[in-house]
1. How much accessible area per residue does segment 79-186 have, in Å², with a 1.4 Å probe?
2. I need the peptides 36-44, 57-65 ranked by packing, meaning the mean over residues of other C-beta atoms within 10 angstrom, with the highest value on top.
3. Would you mind telling me the antiparallel percentage of the DSSP bridges in segment 2-239, rounded to 5?
4. Could the peptides 5-17, 109-121, 150-162, 168-180 be put in order, highest first, of the mean number of other beta-carbon atoms found within 10 Å of their residues?
5. Going by average Cβ neighbours within 10 Å, how do the peptides 220-227, 76-83, 193-200 rank, with the highest at the top?
6. Run the helix sum for the chain: -39,500 (n - 2.57) per DSSP H stretch of 4+ residues, divided by residue count, reported at 222 nm to the nearest 500 deg cm²/dmol.
7. Report, in whole Å, the centroid distance computed from the Cα atoms of segment 134-201 and segment 10-76.
8. Compute the relative contact order of segment 170-227 as a whole-number percentage, counting only Cα pairs closer than 8 Å that sit 6 or more residues apart in sequence.
Amino acid sequence: MRALILSDIHSNLEALAAVLLNAEGRGGFDEIWCLGDFVGYGPDPGSCLERVRRYGLLAVAGNHDYGAVGKANVDDFNDAAKAAIHWTSGQLSAAEAGFLAGLPTVVTAGPFTLVHGSLRDPLFEYLLDQRSAQATLRLSATPFCLVGHSHLPFFCRENGGSPLFYEFTENEEFPLGEERCIINPGCVGQPRDRDPRPSYAIYDSQAQTIQRRRVTYDIHETQEKMRRARLPQYLVERLAQGV
Ligand code: ZN
């Protein structure tokens with residue numbers, strides 16, 4: 001079984017389509033595992049939901065997903081994110097809003113636990129340091145955890161209780177062995193590692209490996225849609241900068 005692991009699509013249909021096309025052309029996949037933030041920031045919330053729901057989909061909610069349907073507090077969002085979430089709320093059909101509201105915050109799939117932020121704070125914690133990694137490993141009932149939210153890819157090994165973060169290098173097969181780990185596949189719709197290319201991962205259950213890949217897409221088309229939708233200029237610009 002091969003799972004396509006996506007996080008933080010953020011209503012970016014061109015980025016999502018490029019990822020799906022690339023994954024299909026490189027061995028394909030059997031199902032999609034999504035780590036939340038389907039919506040927010042970008043111009044195509046409904047079309048992005050429709051695209052991923054064509055596949056077998058296992059997914060958790062992100063802070064933007066719940067924020068768009070009034071299930072999470074968006075007071076702490078910055079002004080641009082808040083403006084985008086209000087715009088998004090107005091775009092969603094009742095069925096789309098119902099889908100987002102019905103997403104769980106944590107699910108398991110085989111040896112993996114899927115969560116947007118972290119296991120001690122599924123919607124809001126940015127898992128980026130040793131302490132937050134320790135806390136999530138302690139709470140995890142499975143050997144491996146998949147997280148998103150920071151939009152920053154990494155591969156973190158438990159290392160006997162002092163977790164170590166490694167670069168999740170592109171196009172390299174990372175073996176999943178005895179050691180527990182936490183993995184962030186990077187972000188589809190708004191990368192923040194100073195590289196605007198969408199990032200995704202493929203898990204191969206037979207080989208017990210996980211690989212990260214990046215793709216290119218027409219950023220200008222997405223930016224043009226954002227301008228037409230009058231989404232904040234700051235969000236339009238950061239997309240091309242990968243920040
Ligand atoms: Zn996000």
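The values are calculated or read from the model by the stated rules, or taken from the named source; none is laboratory data. A quick note: this is a predicted structure, and the numbers were derived from the prediction, not measured. Note: ideal-geometry Cβ built from the backbone for every residue, glycine included; neighbour counts use all protein chains shown. Please note that ligands, DNA and RNA were not included when accessible areas were found on the heavy atoms of the full protein model with its side chains. Shrake-Rupley method; radii C 1.70, N 1.55, O 1.52, S 1.80 Å.
1. Values: 4720 Å² over 108 residues.
Solvent-accessible surface per residue comes out at 44 Å².
2. Numbers: 36-44: 28.8, 57-65: 24.6.
Most protected by this proxy first, the peptides run 36-44, 57-65.
3. On the way: 23 of 37 bridges.
Rounded to the nearest five, the antiparallel share is 60 percent.
4. Working: 5-17: 27.5, 109-121: 21.3, 150-162: 17.5, 168-180: 13.3.
In descending order of packing, they fall as 5-17, 109-121, 150-162, 168-180.
5. Details: 220-227: 16.5, 76-83: 14.2, 193-200: 19.9.
So the order, starting with the most tightly packed, is 193-200, 220-227, 76-83.
6. On the way: 8 runs with 77 residues, N = 243.
Taking each H run of at least 4 residues, the total per residue is -9000 deg cm²/dmol.
7. So the separation of the two Cα centres works out to 18 Å.
8. Working: 68 pairs, mean separation 20.5, N = 58.
Once divided by the residue count of segment 170-227, the mean separation gives 35 percent.
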